[in-house]
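These notes are about the structure you will find just below.
Please treat every number below as a calculation from the coordinates, not as lab data. Here the structure is a predicted model, which means the values were calculated and not measured. Methodologically, a virtual Cβ is constructed for each residue, glycine included, from the backbone with ideal geometry; neighbour enumeration extends over all protein chains shown.
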Amino acid sequence: MLLFLIISLTLFLLWTLWNMRGLPGLPAPNIKESFHPLVSILVPLRNEERNVSRLISSLKFLTYPNLEIILLDDGSTDLTLSLLREHTELDSRFKIVIGTELPSGWAGKVHACHQLQREAKGNYFLFLDADVRLSPSVIEKALALLMKNGSKLLTGFPSFDVPVFFSKLLIPMMHFVVLFHLPIRIANKGMMPSATAANGAFMLFERNAYKGIGGHRSVQSSIVDDVQLAKNMKTSGFSVCLADISADVSCRMYERNSEVWEGFVKNIFSGLGRSVPMVILLSIFYAYFYVLPGLLLVYGLWTLQPVYALPWLLTVLQRMAVDWKANQRLALSFFMPLSAAALITIMNASMWRSLRKKPYSWKGRHYT
């Protein structure tokens, strides 16, 4: 068993290193470029008072010369709207929209994005989450890669701030799962919907392609609308580019452990297609290959047999390679067995909530 584990984990490490090389980074901006199509930055906000100041500051420092920035207050009950007005005052690039009541059959964020796109005039639509922060030149870089590849959607996973315990364990696993399980070259060059990943925190669409798939209306009830939109793009014949945006986009998703739990419980089972066999298979896989090495490490230290630490070391190296690529804290790689155990726990919790017909909750709204 030990030899099989070592060989398997070595192959996983080598595969991950090779697979990561297929993930394109954002190029340096071409300062001589004179073509600047209008880009509409579209941001839905619901009870985001803690993020408004930093979000607006980040957007104000963008260097792209042809922008409109549309911010939608989606029924906030805190100070979001007043802070938006305060921080965008006297800057003509910003427009604030008051969202309408959520209709039956729509997910909250999806409906907010649908309203935003109706206000947009740009040749490109960039949907952002309120908790992202952008480098000044990210728009130029993202457009350059989109045009170079001939893609109609560019998306990627930011680097993540992880302030609380659960976020340290779970959030970096988003990068790990994508760079380990998704064949990047096939995802970026092929049109298979099953080989698709996306992140709603940063999605840059070419306008006509977005309209061609029906926009957010086509995924109106989806909890994981980002992935479904990317799949719809491929189904309609539009290529999708998954890029490494972590040097230019950062995100602080959650501030409290309870938020981490509810956020992952809401998304993860739906993200797996609500497939019970998939949850069972992944639970067994991660328990054997990523939790067990932690137990073997303890056994090896207790019995003074260093060879039992080798599987754990291989998992750390694999995770560290991903964390380095994703601009995450490398020290968190050493806790890979705990991260894998947390992933297994949250997958099963999400599945059981769905099977028991209990709603998922997020920001005062409930979803089944």
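Take the stretch 6-25 and flag every residue that is closer than 30 Å to Gly150 by Cβ and surrounded by fewer than 17 Cβ atoms within 10 Å (Cβ to Cβ). The answer is Trp15, Leu17, Trp18, Arg21, Gly22, Gly25. Taking the criterion of being within 23 Å of Pro359 (Cβ to Cβ) and hydroxyl-bearing (Ser, Thr, Tyr), the residues of the stretch 248-282 that qualify are Tyr254, Ser258, Ser270, Ser275. Among the residues of the stretch 138-165, write down those that are surrounded by 17 or more Cβ atoms within 10 Å (Cβ to Cβ), under 24 Å from Arg329 (Cα atoms) and not β-branched (Val, Ile, Thr). The answer is Gly156, Phe157, Pro158, Ser159, Phe160, Asp161.
Screening the candidates Tyr308, Tyr360, Tyr299 for the property of being in contact with a strand residue (DSSP E or B) (Cβ under 6 Å, 6 or more places away or on another chain), of a type outside the set (A, V, I, L, M, F, W, C) and farther than 21 Å from Arg252 by Cβ yields one hit, Tyr360.
Note on the stretch 114-132: residues that are more than 18 Å from Lys60 (Cα to Cα), among the acidic types (Asp, Glu) and out of contact with any Lys or Arg (no Cβ under 8 Å at 6 or more places or on another chain) total 0. Could you list, in sequence order, the residues of the stretch 64-89 that are surrounded by 13 or more Cβ atoms within 10 Å (Cβ to Cβ) and in contact (Cβ under 8 Å) with a residue 40 or more places away in the chain? Scanning the stretch 64-89 gives Tyr64, Leu67, Glu68, Ile70, Leu72. For the stretch 136-157, filtered to residues that are closer than 20 Å to Lys231 by Cα and assigned to a loop (DSSP other than H, G, I, E, B), the residue that is nearest to the chain's Cα centre (by Cα) is Phe157.
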